[in-house]
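The values are calculated or read from the model by the stated rules, or taken from the named source; none is laboratory data. Just so it is clear, the model here is predicted, and its values are computed rather than measured. Here the Cβ positions follow ideal geometry from the backbone for every residue, glycine too, while neighbour counts run over all protein chains shown.
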Ligand code: PMP
């Protein structure tokens, strides 16, 4: 595949980053993942706005204007079989420092990287049966609203879920369900769609935002409110959302069925609205 690195488009095998890059040594960088359907980027403006927020969160200024990002991502899609469903991963690190030192180097140029990956279609089985999730203590840091490349806790949490035969870990902090290891969380409580409010403990998901917007537009009762662990365990429906996996129904939690153990009617309604939104984007 063709990737973008610091102003150049080149084959992935030929793209190299020096070992003194702060991303490699410190995980000192941020990233985004933007899905594209039929060559059209979904919610690009919102992704770029969140990227700017993440950069500000680690005290970096944006290396590129939004217009320049748009041109790079569109070119990358064009060069990578862009009519299929693909996601664009983009990463900015603080750059290559003269030596390894925790404090920011002076006058360093950021490393800017982007690549594409196919988005596999959601397996029919997931749509029919949902997935399993487990709850785990949220061991992450205090700035989960920053989309930092420092994902070791998320990696360990997701692997623990996979090891126990589950697709996702739902993270619990101070008695509340927060989000997944790589997804946001929704539950249905007494007919109302509920997701935790934004704050430093979770990522402001672009899919979360879109789902809330679709709920508002179509008059589905919804609210942003803290979800206690007991509410999570008693919920009729649980979903996790992300740009590449969309809205996934969780039908088993810690080995117990969620609701009647199959994807619920509210999810069915919302996934339909989500698919319609994607189809409209594809058709321009
Ligand atoms: N929370 C976390 C921790 C994530 O890593 C992600 C993205 N994979 C999400 C939520 C979902 O965000 P988005 O809808 O923007 O993909």
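Let's see how each residue does on (1) within 17 Å of the chain's Cα centre (by Cα); (2) exposed (fewer than 14 other Cβ atoms within 10 Å of the Cβ); (3) at pLDDT below 95:
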{"residue": "137", "(1), (2), (3)": "no, yes, no"}
{"residue": "142", "(1), (2), (3)": "no, yes, no"}
{"residue": "145", "(1), (2), (3)": "yes, no, no"}
{"residue": "148", "(1), (2), (3)": "yes, no, no"}
{"residue": "168", "(1), (2), (3)": "yes, no, no"}
{"residue": "184", "(1), (2), (3)": "yes, no, no"}
{"residue": "189", "(1), (2), (3)": "no, no, no"}
{"residue": "203", "(1), (2), (3)": "yes, no, no"}
| Among the strands (runs of 3 or more DSSP E) confined wholly to the range 184-269, which include 3 or more residues that are in contact with a strand residue (DSSP E or B) (Cβ under 6 Å, 6 or more places away or on another chain) and more than 22 Å from residue 174 (Cα to Cα)? | 246-253
| Just one of the numbered conditions (1) within 15 Å of the ligand (Cβ to nearest atom); (2) touching a strand residue (DSSP E or B) at 6+ places or on another chain (Cβ under 7 Å) is not true of residue 173; which one? | (2)
| said: Please pick out the residue among 251, 228, 207, 195 that is surrounded by 20 or more Cβ atoms within 10 Å (Cβ to Cβ) and more than 16 Å from the ligand (Cβ to nearest atom). | reply: 251
| said: Pull out all pairs, ordered by first then second residue, where Cβ-Cβ is under 8 Å, the residues are six or more apart or on different chains, the first lies in the range 176-195 and is farther than 21 Å from residue 141 by Cβ, and the second is assigned to a strand (DSSP E or B) and within 9 Å of the ligand (Cβ to nearest atom). | reply: 186/240; 186/241; 195/184; 195/185
| query | Does residue 75 satisfy the condition of being in contact with a helix residue (DSSP H, G or I) (Cβ under 9 Å, 6 or more places away or on another chain) and in contact (Cβ under 8 Å) with a residue 24 or more places away in the chain? | reply | no
